[in-house]
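**Student:** The structure follows.
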């Protein structure tokens, strides 16, 4: 009966494929077996036969058998060998639930899922056509395991003696992936739920964790095993048997914006105060931090995407920002507010993420039944959005090593147990950390207080210190701002009229989300000659001043950061060209960072104060200390610690600083102490 139904449907498919996909079938014949799938748009099937398209959703197994049989007939001149051609349907416009809503109602149905891949197993061979032999009487039984269960009892001698003859059976490649809903579809703090998906034949190894895809497949169930490894007859696990995979472009936000909202967004872009309004609408519950909010606003828009250098290298468009501040200075609140604001925002804490939780890893997992699994971390899953990392200084060593590549090249490479893979990690990073010793010490260089490697610090476009300064007027304003909000919130819970008026942000949160999403998707400003000249002049002037003062105030790497910030400023206005005003905004933020973090005790701007902890001022003083020790060894035959400190004082280096530098020189192996109170220069072979 089933064969007759398949034959009738096959005849309808014969006509459909001939009318709509004759050219595609000819291409498949030429490319077989390297190409084994014919992609069929469900919309075309609906035009041809709406009833047949409806049956595809409700009786997918029957329809797929008929479609595949029709395709094989039209490729009858091809020698298939061990391979099979497949009809793969896509662009289904009904039955598109969220991954977290997939349940028993969809069992046996064809469904399409907009999903994000979180992990992928290695490949396992699966028996497609098994040839079984009775070990007692030698009877052979071929079985298509897609349709039947493997035989346990010999149909001839009735003994339980059937064995698979592997060399005479046909296998197909099987790979498992796990998918979840894309982050921008999850509202609030909704927990994610993962669905197991099976890929077969030419679908294996076509996707990696972090990819955004549209999956079409049949929802299946299989018996679930309990904790003792035994099958529970009442419980089943779900998995999706994939029919097709269509990659999707990963956008910052795929928010539905209607024509009226688009007109409102474009009108808003004409407001000369738009950037100021956007900045004030970010984390409005937090008092002050104007420069930080401006920087975060630029980060949300990002630079011009898709730019490539003449050697083919892709230019990073995402900005990275680091906040380092005293405890209780609202760093976490800022990060959480940004993660809530952006459609594709992830908030993680460096204390709680496991190795690879930020980046990506390869490890053995039950998901692959003991095989190797590639797992995507937050930077991969958040690609195209913003990843907020709290307690950045507590990130594990494994993740920290991979972060260098992720922040600069926006890729993550994994090489383990022969597995070599590269993931895209096009995420903007907003990180927060505490000073190494709890609070900022105004008498120490910033880099000495950051428990973050200088090579990692250099990847951030902007680094902001947040210092808890005791100022009565400022403290009064902060207290008033916090208490007014608490009073208004309490009145709202009690459903009474509030006696205070809370200042609302200039832009509603939902409107701001859509404004940012629209700008990122539709606006890619180019750098004007005037803006480029303004950035170049700023860079050259700073370098000239540094050369005169014996410091390095800025490096070529900061030029790209200034360009990114300038482009983001133009995007915030929905402008196609970066103007001088945009460059000035970027320069102002850069100046703010340099003057708060990169000024040495002599008042010189030195970027090495942040990046290496070895500003020119410190290098000069250490060289003076080495010179003093060397001179004392020559003149007095021995350099006593007391004499070294006395001579350092004459050179303007106080005793505490001199002692600290001697300790650093001992640690670096430049000097040593043969006995108490004596220091000597280490003689190298070259000397």
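**Student:** Would you check if there is a residue in the stretch 133-152 being in contact with a strand residue (DSSP E or B) (Cβ under 9 Å, 6 or more places away or on another chain), at pLDDT 85 or above, over 30 Å from residue 30 (Cα atoms) and surrounded by fewer than 18 Cβ atoms within 10 Å (Cβ to Cβ)?
**Tutor:** no
**Student:** Then there's this: For the stretch 381-418, name all the residues that are in a helix (DSSP H, G or I), touching a residue at least 40 places away in the same chain (Cβ under 8 Å) and under 15 Å from the mean Cα position of the chain (by Cα).
**Tutor:** Hits for the stretch 381-418 are 381, 399, 400, 402, 403, 404, 406, 407, 408.
**Student:** Out of the residues in the stretch 645-658 that are free of Cβ contacts under 8 Å to residues at least 12 places away in the same chain and not in a loop (DSSP other than H, G, I, E, B), state the one that is farthest from residue 628 (Cα to Cα).
**Tutor:** 656
**Student:** Moving on to the next point. With (1) touching a strand residue (DSSP E or B) at 6+ places or on another chain (Cβ under 8 Å); (2) under 18 Å from residue 319 (Cα atoms) as the list, and residue 373 as the residue in question, which single condition is left unmet?
**Tutor:** So the condition that residue 373 fails would be (2).
**Student:** Restricting the stretch 243-275 to residues that are under 29 Å from the mean Cα position of the chain (by Cα) and surrounded by fewer than 16 Cβ atoms within 10 Å (Cβ to Cβ), which is modelled with the lowest pLDDT?
**Tutor:** The residue in question is 249.
**Student:** Somewhere in the stretch 572-589, is a residue in a helix (DSSP H, G or I), surrounded by 14 or more Cβ atoms within 10 Å (Cβ to Cβ), at pLDDT 90 or above and out of contact with any helix residue (DSSP H, G or I) (no Cβ under 6 Å at 6 or more places or on another chain)?
**Tutor:** Scanning the stretch 572-589 turns up at least one residue that is in a helix (DSSP H, G or I), surrounded by 14 or more Cβ atoms within 10 Å (Cβ to Cβ), at pLDDT 90 or above and out of contact with any helix residue (DSSP H, G or I) (no Cβ under 6 Å at 6 or more places or on another chain).
**Student:** Now for a different question. Suppose we keep only residues that are at pLDDT 80 or above and outside any strand (DSSP E or B) within the stretch 76-92. Which one would you say is surrounded by the fewest Cβ atoms within 10 Å (Cβ to Cβ)?
**Tutor:** Result: 77.
**Student:** Please pick out the residue among 676, 642 that is modelled with pLDDT of 80 or more, assigned to a loop (DSSP other than H, G, I, E, B), over 48 Å from the mean Cα position of the chain (by Cα) and loosely packed, with under 13 Cβ neighbours inside 10 Å.
**Tutor:** 676
The values are calculated or read from the model by the stated rules, or taken from the named source; none is laboratory data. This one's a predicted model, so the numbers in the text were calculated from it and none came from an experiment. Positions of Cβ are backbone-derived with ideal geometry, glycine not excepted, and every protein chain shown enters the neighbour counts.
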